[in-house]
1. Which residue pairs have Cβ atoms under 6 Å apart, sit 6 or more places apart or on different chains, and have a first residue in region 545-573 that is farther than 24 Å from T596 by Cα and a second that is among the charged types (D, E, K, R)?
2. From the residues in region 569-578 that are in a loop (DSSP other than H, G, I, E, B) and small (G, A, S), which one is farthest from R407 (Cα to Cα)?
3. If G307 satisfies every condition in (1) free of Cβ contacts under 8 Å to residues at least 40 places away in the same chain; (2) farther than 30 Å from N466 by Cβ but one, which is the exception?
4. I need the full set of residues from region 177-197 which are open to solvent by 20 Å² or more (accessible area, probe 1.4 Å) and not in a helix (DSSP H, G or I), in order please.
5. For region 377-398, enumerate the residues that are within 27 Å of E451 (Cβ to Cβ), open to solvent by less than 10 Å² (accessible area, probe 1.4 Å) and outside any loop (DSSP other than H, G, I, E, B).
6. Suppose we filter region 401-444 for residues that are farther than 29 Å from S620 by Cα and either part of a helix (DSSP H, G or I) or touching a Ser or Thr at 6+ places or on another chain (Cβ under 9 Å) (or both); how many remain?
7. Where in region 259-338 are there strands (runs of 3 or more DSSP E), lying fully within it, with 3 or more residues that are open to solvent by 50 Å² or more (accessible area, probe 1.4 Å)?
Amino acid sequence: MNASALRRLRARLTVPLLVVAVLAALLLVLRHWPRPPLAAAFSTSRAVVDMQGRLLRLTLADDDKYRLWTPLPAMSPELVEAVLLHEDRHFYVHPGVNPAALLRAGVRTYAGGARQGGSTITMQLARLFYRLNTRSPWGKARQIARAVELELLYSKAQILEAYLNLAPYGQNIEGVGAASLIYFNRPPRSLGLAEALTLAVIPQSPSRRALGDTQKKSLADARNRLYARWVARHPAAADQAGLVRLPLHLRGTADLPFRAPHAAAMLLADRTLAPAGNVLHSTLDLKLQQTLERQIQSHVARERRLGIANASAMLLDTRDMSVRALVGSADFFDTTIDGQVNGAQARRSPGSTLKPFIYGLALDQGLLHPLTVLKDAPTAFGPFTPENFDGRFAGPIPAREALIKSRNVPAVAVSARLAQPTLYQFLRNAGVARMQSEKHYGLGLALGGGEVTMEELVRLYAMLANRGVARPVRYVRTPEGTGGGEVRANGLRAEPAEGRAAELRLLSEEASFIVLDILRDNPRPDLAWSARARIPVAWKTGTSWGFRDAWTVGVFGPYVLAVWVGNFDGQGNPAFVGLQAAAPLFFQIVDAVVATQPAITEPAFRQPPNLRRIEVCAASGDLPNADCPLRAQTWFIPGKSPIALSTLHRTVAIDTRTGRPACPPHDAANVRMEVYEFWPSDLAQLFAQAGMPRRQPPAASCVVGADATAAGAPPAITSPLRATTYTQRAGAEPQVIALAAAAGADVHALHWFANGSYLGAAAPGVALGWRPGPGAYVLRAVDDRGRSSARDVRVELIE
């Protein structure tokens, strides 16, 4: 071909090529031009499922259709392929219209044969999306034009996804998302082959193939025909012939569940819990939810004679702070108890359920240890004069027993001594909302003078189980792979609770451990079951003023459980006592949960490294002197817990002839040694008022024990040396300094203190290891006779 011919050919091709390029550019612009997604034109249902994907609630869309918009990747691949095989095998190659299929359908239809459709999936979407009447030739032409338009504007994946979400499935059901949940009670991604084939054939004739006994044969025949074509493409599927031909058991909209109504309603109403997506993957466990519901219903039925008609409960997993069950009322549909009110979100007086946190704060602030003796006696705190629930006073009582027995006066007295934080500040830090000023409550806050929700109370007790760290309560999880949240062991991601309090340490690990240890010793009200309990329970009751609220909250295994009994209208009832009304229900639920979970185990109750067991005098709670006859072990936080040598017990020499004190010098043959308790006058009076009078010591005594500190030499500190400065290299482990002292033959133990903080005890001549940080210290050695010696020590940091 010569040059002239080439120029002529090029000239003839220039215009067509330019047109093609312009059209291609136009198509590219149209495809990428910003446009609303197809899903935006339709309202959608919302579903709430439990942690295993079991449906709890499915709502109607705004147009009263069950339409749950589901992304294409969230559908079973078998379902997508079956739909394409049945409806449009050439979907990925045609431009929205299949001319051959249209021609074939037109010939058969208008030649008097059986009516046959020739619409592609894109054409069907055009009819559904634009609500077209396609029975007339003009309507069919509009459908074709709209199908081409959709192909120009959207990708094949977007078109297929929209069709699968708008396809009719009988009644008011649209789309595979809703149809899968309604007909098979499972999400589209979990469908088997038989179920996928069933959903693939229904849209072709939804009125004939969906539900009803008369339609089952039509549906089965269509599914079997599609299965034969499927086997031709996938020969290995022939092994499932028996499964595919099983009788159909489709559910209907009347069978839709209405489970966990309070929790589901709360999740659906609160968009912040899951701002994106139509399926709320809740943290609820349907089996645990039903367990709580059954126990509450049986308890209310059994105790209705006492006026108990309503109760609420919440079960939370402390490992990831997920709410596993929530029962807002005894009966959602009972209007006589305002059953649709969610008791778990109602603000109520907590009664004595806040007392454990008073003692936890006191442990951290060095005000007491578990065996510190407190006063349970009539006491006025300004205008506030608290009384105990039983109207009686126990006198001197160890802190541990005061908490277990829920004594009011000691709790208020300890609360009055709290500072930075006070109980009020602690609750504010913990995220308790809508609190008045601290002056508004005063010391009455210690006895339930404020209001909290069940969720807030559960979060506080979970903080104890999580070693003093408060974490957000979680209601929603998002499936793994969708992003956001923290991955958990069950393959789901914990949804961050936006707007809720973040993780925060409220108590030390040591104080939390001690409080739970005390609450574990609280005996169950049903003592017969207590000995057979497989898992220990740390629990506390509460009763509000006026008998309006009865509470029991506790920790068992990995769970925190809170139970409330009362009336939503605030009407009081003498039966609303925590120990009598709420505790039996609490332990019913505990036992039922343990019975349904044979593998349930308690998380390791590990002792914190900075917590020690020390021996104290059982009567005084102080370090035992040589005369203390009864000793006990208690928890002790070094550097925090208050400790001193007990001076309660003293040995008195008694003249056997007169029964009076024998002062030296005396005849040893006529003297016996007796140990007396020298209680302060106020505590001695409390014992007498409580009906436990103590033996009075002699009026004029010559003591030979702790009060005679002038007799005998004090300990002689042999290590560390006097005026010694120790050095510690920066970044290195603190060196161990040996503490040792010599003492008289009558001394059996030496107690060591550094700047007033108790370090430990050792026998005379036996060294006690001490690892101090940089600073100046006053070391003090106190023997069990009360005699002491001190020494200054300095530890300096060097590079």
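1. Qualifying pairs under 6 Å: D549/R348; G566/R548; G566/D549; F568/D338; G570/R548; G572/R548.
2. So the first thing to find is which residues in region 569-578 are in a loop (DSSP other than H, G, I, E, B), and the list is 569-577.
Now narrow it down to the ones that are small (G, A, S): 570, 572, 575.
Numbers: G570: 25, G572: 22, A575: 20 Å.
The selected residue is G570.
3. Result: G307 passes all but (1).
4. N185, R186, P187, G192 - these are the residues of region 177-197 that are open to solvent by 20 Å² or more (accessible area, probe 1.4 Å) and not in a helix (DSSP H, G or I).
5. Correct list: empty.
6. Residues of region 401-444 farther than 29 Å from S620 by Cα: 424-442.
Subsequent filtering for residues that are either part of a helix (DSSP H, G or I) or touching a Ser or Thr at 6+ places or on another chain (Cβ under 9 Å) (or both) retains 424-429, 432-433, 438-442.
Residues in region 401-444 being farther than 29 Å from S620 by Cα and either part of a helix (DSSP H, G or I) or touching a Ser or Thr at 6+ places or on another chain (Cβ under 9 Å) (or both): 13 in total.
7. Working: elements: 279-282, 311-317, 322-327.
Output list is empty.
This table checks each residue for (1) exposed (fewer than 12 other Cβ atoms within 10 Å of the Cβ); (2) farther than 21 Å from L611 by Cβ; (3) in contact (Cβ under 8 Å) with a residue 60 or more places away in the chain.
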{"residue": "T725", "(1), (2), (3)": "yes, yes, yes"}
{"residue": "E733", "(1), (2), (3)": "yes, no, no"}
{"residue": "H751", "(1), (2), (3)": "no, no, yes"}
{"residue": "N755", "(1), (2), (3)": "no, no, no"}
{"residue": "A761", "(1), (2), (3)": "no, no, yes"}
{"residue": "A767", "(1), (2), (3)": "no, yes, no"}
{"residue": "G775", "(1), (2), (3)": "no, yes, no"}
{"residue": "V782", "(1), (2), (3)": "no, yes, yes"}
{"residue": "S788", "(1), (2), (3)": "no, yes, yes"}
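The values are calculated or read from the model by the stated rules, or taken from the named source; none is laboratory data. For clarity, every value in this text was computed on a predicted model and none was experimentally measured. Glycine also receives a Cβ, built like all others from the backbone with ideal geometry; neighbour counts cover every protein chain displayed. Please note that ligands, DNA and RNA were not included when accessible areas were found on the heavy atoms of the full protein model with its side chains. Shrake-Rupley method; radii C 1.70, N 1.55, O 1.52, S 1.80 Å.
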